[in-house]
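**Student:** Encoded as C-alpha cells, here's the structure I'll be asking about.
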Amino acid sequence: MSTTVNYKRHRFPPEIITHAVWLYVRFNLSLREVEEMLLNRGVDVSYETIRRWAAKFAPQIARNLRRRQARPGDIWHLDEVVVTISGRKFWLWRAVDQNGLVLEEILQFRRDKRAAKRLLKALIKRFGLPKRIVTDKLRSYGAAKREVASGLEHRSHKGLNNRAENSHLPFRKRERCMQGFRSPGGLQRFVACHTAVRNRFSVPASRRSANATRYHRIEAFDAWKGAASI
C-alpha cells in the first residue's frame, strides 16, 4: 500500500511541487534549468527550493512507485560500473531483468565476491529465486552464487550481458549533466529515485507502436499521480 505524501506547510500547491520534482528526476535537467522552465509557466521559485523539494519528496514518491511495480522477469542480468566521487573509486552494482526493468542498485566500495554476494542476497530476499542469472566474466559472481544459491543457473559471457551494460547509459548521461556526485549517500539516494521513475516511464520493447506508447505514458502519469498523492 502506498504511503500518502504530506505537502502541508508549503506555499506552493502539490501539483507544482510534484511537477518540479518529476522534471528533475525524469529528465537530464539541472536545477537551474527546471527553475527556468517553471518561470516560463509563471511559477517563480528558486533552484534551491527545487533542490529541497526533490530531497524531501522524491524518495517517498519513488518508494510508492516501487510498490506499484509489476513483478519482474525471471532472468536477471547483473553488472557493475565504476563511479568516481571526490577522487575516490566506487562501484555501482546493478541488476535488471530480461525486459530492462532495473531491479536493484547498490553502491559499494569493492568489486569482489563480498559485494556480489550482497547484491544477490538483496535480490533474492526481495524477489525470490530467478530462473537464471547472466553476468560478464567477473569471477566474483560465480563465487557469490555458489554460496548464496548453488543450484541457480548461471551464464557468464561478455556478449550475453548487453542488457545490463545498456542500463548504465541513462545513469552515465545523468552523471555528466550533474557533473558528478558529491557523496556516496547522495548518489545512492538519487539513483533510487531516478531508477524508480525511469522504470515506470520507459516504454518497453513490446509497446513501441504509437498507440501503445501513448497508453503506456498515460498509465505512467496515472501511477505518478497516485504515488505523489495528487
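The values are calculated or read from the model by the stated rules, or taken from the named source; none is laboratory data. Because the structure is a prediction, the values reported are computed rather than measured. All Cβ positions, even for glycine, are placed from backbone atoms using ideal geometry, and neighbour counts span all protein chains on display. Quick note on the areas: whole protein, heavy atoms, side chains included, nothing else; ligands and nucleic acids left out. Shrake-Rupley method; radii C 1.70, N 1.55, O 1.52, S 1.80 Å.
**Student:** Before rounding to the nearest 500, sum -39500 (n - 2.57) across all DSSP H runs of length at least 4 in the chain and divide by the residue total; then give [θ] at 222 nm in deg cm²/dmol.
**Tutor:** Result for the chain: -16500 deg cm²/dmol, rounded to the nearest 500.
**Student:** Run the paramagnetic zone check for Arg155: 7 angstrom along Cα to Cβ, then residues of region 102-134 with backbone nitrogen under 11 Å.
**Tutor:** The answer is 132-134, whose backbone nitrogens lie closer than 11 Å to the label point.
**Student:** Next question. Obtain the radius of gyration and the Kirkwood radius of region 75-182 from its C-alpha atoms and give Rg over Rh.
**Tutor:** Taking Rg over the Kirkwood Rh, I get 0.97.
**Student:** What FRET efficiency comes out for the pair Ile16/Ser202, r = Cβ-Cβ distance, R0 = 41 Å, nearest 0.05?
**Tutor:** Efficiency computed from Cβ-Cβ geometry: 0.95.
**Student:** Another question about this same structure. Assign one of three labels to region 46-105, namely rounded, prolate or oblate, based on the Cα gyration tensor with a ≥ b ≥ c the square roots of its eigenvalues; rounded applies when a/c is under 1.5, prolate when it is not and a/b is larger than b/c, and oblate otherwise. Mind dumping the intermediate values first?
**Tutor:** Working: a/c = 3.84, a/b = 1.22, b/c = 3.14.
Because a/c hits 1.5 or more and a/b fails to exceed b/c, region 46-105 counts as oblate.
**Student:** Dipole of the chain, Cα-centred, from +1 at each Lys and Arg C-beta and -1 at each Asp and Glu C-beta, to the nearest 20 debye?
**Tutor:** Computed about the Cα centre, the dipole is about 660 debye.
**Student:** Roll a 1.4 Å probe over the protein chains and send me the accessible area per residue for region 188-229 in Å².
**Tutor:** Averaged over the residues of region 188-229, the accessible area is 53 Å².
**Student:** Oh, and also: Pop the C-beta distance of Arg88 and Ala143 into the FRET formula with R0 = 22 Å and round what comes out to the nearest 0.05.
**Tutor:** So the FRET efficiency works out to roughly 0.30.
**Student:** What is the percent carbon and sulfur in the accessible area of the chain, measuring with a 1.4 Å probe over the protein chains and ignoring ligands?
**Tutor:** Answer for the chain is 48 percent, counting heavy atoms of protein chains only.
**Student:** Can I ask one more? Rounded, prolate or oblate for the chain? Axes are the square roots of the Cα gyration tensor eigenvalues, ordered a ≥ b ≥ c, and the cut-off for rounded is a/c under 1.5.
**Tutor:** Cα axes put the chain in the prolate bin.
**Student:** Could I ask something else about it? Considering the dipole of the chain built from charges on the beta carbon (Lys and Arg +1, Asp and Glu -1) around the Cα centre, which of Trp53, Ile133, Ile218 is farthest to its positive end?
**Tutor:** Result: Ile133.
**Student:** Taking only protein heavy atoms into account and a 1.4 Å probe, give the accessible area per residue of region 75-182 in Å².
**Tutor:** Result: 54 Å² per residue.
**Student:** Related question: Once you charge only the Cβ atoms, +1 for Lys and Arg and -1 for Asp and Glu, what is the size of the charge dipole of region 75-182 about its Cα centre, to the nearest 20 debye?
**Tutor:** 300
**Student:** Can you give the FRET efficiency to the nearest 0.05 for Asp112 and Arg217, using r as the Cβ-Cβ distance and R₀ = 41 Å?
**Tutor:** Efficiency at R0 = 41 Å is approximately 0.50.
**Student:** Which aspartates and glutamates, if any, have their Cα less than 20 Å from the Cα of Lys8, not counting same-chain residues under 8 positions apart?
**Tutor:** Asp44, Glu48
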